[in-house]
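Peer 1: Encoded as structure tokens, here's the structure I'll be asking about.
The values are calculated or read from the model by the stated rules, or taken from the named source; none is laboratory data. These figures come from a predicted structure and were not determined experimentally. Glycine gets a Cβ as well: all are built from the backbone with ideal geometry, and neighbour counts include every protein chain shown.
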Amino acid sequence: MKDLAHTSYRNGHFTVNGKLLAEPTSSPDTDLNNAWSALGIELPRFPRMDRSSKLVAICGSSFFIEGGALAGHSKETIGMVIMGKHGSMDTDSKYQAQLDADNHASPGQFVYTLPNIAMGEFSIQHGLYGSGLCLLNNAPDLSQMREACVILLHDHGMDAIVCGWSDIFADQATATFMVVTERTLADRNSAELEKIFNDH
């Protein structure tokens with residue numbers, strides 16, 4: 001069985017396919033920046049992105065670099081399934097705080113007050129045109145995520161899915177991403193996929 005491409009981020013502890021790339025500091029924002037730097041990818045807009053979009057970029061981008069699981073793959077047939085608990089609440093709370101303090105807020109901040117904006121940013125970054133689904137849940141639900149992947153693969157013509165849990169609020173940030181294909185679903189059941197989430 002081929003190894004499953006996966007990434008994990010736990011409050012600054014960042015791994016790609018089990019290899020440690022970054023370790024936590026005392027600052028969540030520094031942790032995000034360090035994890036991104038460890039990938040060695042140029043993205044001028046990264047500093048301007050909200051923290052949710054940064055987390056998705058960190059955990060999904062390694063699949064597209066040279067040697068990554070999706071490098072050279074058709075951008076038309078790569079879909080996305082992302083689940084999280086807080087959606088855009090991390091940015092929403094900052095936006096509301098700015099409104100309360102100044103009676104107005106930055107339009108640049110407003111654009112990130114949607115739960116699926118991180119998926120949109122990621123799609124733009126990698127030129128993806130496939131179908132996507134953004135789900136909210138209190139905890140990772142591998143059965144629901146697997147079902148969503150099956151729908152995108154079988155009914156929407158996708159060949160591969162960037163699938164994962166991504167959640168950030170206040171000083172807590174967690175994410176686990178994997179590449180799901182027909183072979184992934186054939187080789188692994190929900191319990192095996194859940195083990196990847198629990199082990200990382």
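Peer 1: From Ala97, Ala105, Ala186, Ala101, grab the single residue that is out of contact with any Leu (no Cβ under 6 Å at 6 or more places or on another chain), of a type outside the set (D, E, K, R) and either closer than 18 Å to Tyr9 by Cβ or at pLDDT below 75 (or both).
Peer 2: Details: Ala105 fails: out of contact with any Leu (no Cβ under 6 Å at 6 or more places or on another chain); Ala186 fails: either closer than 18 Å to Tyr9 by Cβ or at pLDDT below 75 (or both); Ala101 fails: either closer than 18 Å to Tyr9 by Cβ or at pLDDT below 75 (or both).
Result of the check over Ala97, Ala105, Ala186, Ala101: Ala97.
Peer 1: I'd like the full set of residues that are over 19 Å from Phe169 (Cα atoms), charged (D, E, K, R) and either part of a strand (DSSP E or B) or touching a Lys or Arg at 6+ places or on another chain (Cβ under 8 Å) (or both), limited to region 1-43.
Peer 2: Residues satisfying the conditions are Lys2, Lys19.
Peer 1: Looking only at region 149-175, which residues are under 21 Å from Ile58 (Cα atoms) and surrounded by fewer than 22 Cβ atoms within 10 Å (Cβ to Cβ)?
Peer 2: Phe169, Ala170, Asp171, Gln172, Thr174
Peer 1: Output yes when any residue across region 125-145 is over 15 Å from Asp50 (Cβ atoms), modelled with pLDDT of 95 or more and part of a helix (DSSP H, G or I), and no when none is.
Peer 2: Within region 125-145 (the criterion being over 15 Å from Asp50 (Cβ atoms), modelled with pLDDT of 95 or more and part of a helix (DSSP H, G or I)), the answer is yes, since at least one residue qualifies.
Peer 1: Could you grab me the full set of residues in region 31-81 that are of a type in the set (Val, Ile, Thr) and more than 17 Å from the chain's Cα centre (by Cα)?
Peer 2: To start, the set of residues in region 31-81 that are of a type in the set (Val, Ile, Thr) comprises 41, 56, 58, 65, 77-78, 81.
Passing the criteria: only Thr77.
Peer 1: A further question follows. Residues in region 52-78 that are buried (at least 18 other Cβ atoms within 10 Å of the Cβ), basic (Lys, Arg) and in contact (Cβ under 8 Å) with a residue 24 or more places away in the chain: how many?
Peer 2: Of the residues in that region, 0 qualify.
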